[in-house]
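The values are calculated or read from the model by the stated rules, or taken from the named source; none is laboratory data. Every value quoted in this text rests on a predicted model; they were computed, and no experiment measured them. Here the Cβ is made from the backbone with ideal geometry for all residues, glycine too, and neighbour counts use every protein chain on show.
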Amino acid sequence: MDKNMSISDKPTTLNSTDPSTNALSVHGSFVRALETSFPSTILFSEAERLLAKHMLTIALKNENVGYWSFFQTPYSVQRILLDQLVWPGFDNHSLAKKYLIKEKITDAIYQNGVEQIIILGGGYDIYGFHTSLNNDHVQVFELDKPGKMRNVKVTAMRDAWCYNSLSHFTGENQQDAYSFTLNDNYHLICCDMSTDNIKDKLTEYGFNSDKKTLVIAEGLAMHLNESASRQLLKKQLFPLLSVGSEILISYISSNTTTLIAHHLLSSRNEAYEFALSPKKIPLYAANLGYHLTGKMLASDLLKLANDDKNASLLTRNQTMPDGRGGESYFCFTKNIKSLDEIKSIELSPIDTIPIINDTVLRPDKSQNNIL
């Protein structure tokens, strides 16, 4: 059965700081999958589904009429268009990667002793907020560019209290026009990662470089050029992180897009700029000071969501130079103290190492959590 977004108020304005097309399409895709895909009922709690849809509703009220209108069409129409414009199985891919991120954060905290989470370019993702509410001892730092999207996200989270009894909510502290701290341990920091010093920004909010950290870079590298991507990993993150810290990062295998998708992304300065074949990832990571300790290809993510048909299509596309092979995820671990040690690194096969401990659907382990 098709479902439509229930949005009561049409958007009225459009300005140069409108939310990211990519962030909006990914979050909208996640919500569709939550409401229509069978796996979502065992992967995510009802509170997570309510929060995700609430975030989308608030975002669309602040969007231009064109985007708002798209989300009024039946879900089946939205899904078909995105499968054609982006890559096959886009909704299920979004569902599976959100589950992957959620599980990676849980494993990092409860198995690896991580006390700090850095989210680069969080968009409309709910898991920084989700993590902060359920883990008082973990500091969450979410960095994103200033603009309308940040204020929209904070507005959505302010209004989300109606979905749960958040008795331990300690309030909000606004640092500047686009920087906020919620609940004492969730820091939304204004930062342009291409020009600002990330360490300086984080230090202002209490980040401790001696503590083990997990960095989430979902859908970021594809929008940076190759030089900027290297600079981020080598010059910004490497000196920031302690040995044993991890980076969960995604890459596309080809920056080929349809003409319509390219136009939409380019209109907001979000065209795909950097692609990297999964086969080249181990050496790429090693040259930047990291060891590749896990991977999950785009096709594996679709299999995780029981979408074998589209998984096969992405597997085929990944072998073609101009194929739309989807977004794959890799786990980089900092295992050396100094970049001078890079010359002694020996690469080892990682073909069978998953990012999370299992690759089968399992019930949500946090049903008793606040979110």
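Among 40, 25, 94, which is of a type in the set (Ser, Thr, Tyr), under 26 Å from residue 151 (Cβ atoms) and either touching a Lys or Arg at 6+ places or on another chain (Cβ under 9 Å) or free of Cβ contacts under 8 Å to residues at least 24 places away in the same chain (or both)? Please lay out each step first, then the result.
Working: 40 fails: under 26 Å from residue 151 (Cβ atoms); 25 fails: either touching a Lys or Arg at 6+ places or on another chain (Cβ under 9 Å) or free of Cβ contacts under 8 Å to residues at least 24 places away in the same chain (or both).
None of the other options fit; the residue is 94.
Which helices (runs of 4 or more DSSP H) does region 24-122 wholly contain that include 2 or more residues that are among the acidic types (Asp, Glu)?
Working: elements: 40-43, 46-61, 65-70, 75-85, 90-110.
Per the criteria, 46-61, 90-110.
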message = As an exercise: evaluate residue 159 against (1) modelled with pLDDT under 90; (2) more than 23 Å from residue 57 (Cβ to Cβ); (3) exposed (fewer than 14 other Cβ atoms within 10 Å of the Cβ) and give the number of the one condition it does not meet.
response = (2)
inquiry  = Considering only region 72-91, I want to know if a residue exists there that is at pLDDT 85 or above, closer than 19 Å to residue 125 by Cα and either in contact with a Leu (Cβ under 9 Å, 6 or more places away or on another chain) or not aromatic (Phe, Trp, Tyr) (or both).
reply    = yes
request  = For region 225-233, state whether one or more residues are surrounded by fewer than 17 Cβ atoms within 10 Å (Cβ to Cβ), of a type in the set (Gly, Ala, Ser) and either under 20 Å from residue 130 (Cβ atoms) or without any contact (Cβ under 8 Å) to a residue 12 or more places away in the chain (or both).
outcome  = yes
message = Can you tell me which residue is farthest from residue 296 (Cα to Cα) among those in region 91-107 that are hydrophobic (A, V, I, L, M, F, W, C) and out of contact with any His (no Cβ under 9 Å at 6 or more places or on another chain)?
response = 95
query = Which members of region 212-222 meet the condition of being of a type outside the set (A, V, I, L, M) and out of contact with any helix residue (DSSP H, G or I) (no Cβ under 7 Å at 6 or more places or on another chain)?
reply = 212, 213
inquiry  = Looking at 307, 300, can you tell me which residue is crowded, with 22+ Cβ neighbours inside 10 Å, modelled with pLDDT of 80 or more and not polar (S, T, N, Q)?
reply    = 307
query = Could you give every pair whose Cβ atoms fall below 6 Å, whose first residue belongs to region 314-339 and is acidic (Asp, Glu), and whose second residue is modelled with pLDDT under 80, counting only separations of at least 6 or pairs across chains?
reply = 322/256
ask   = Which ones in region 127-155 are touching a helix residue (DSSP H, G or I) at 6+ places or on another chain (Cβ under 9 Å) and closer than 13 Å to residue 23 by Cβ?
value = 142, 144, 149, 152, 153
Entirely in region 176-258, the strands (runs of 3 or more DSSP E) that have 1 or more residues that are at pLDDT 90 or above and of a type in the set (Gly, Ala, Ser) = 213-217, 246-252
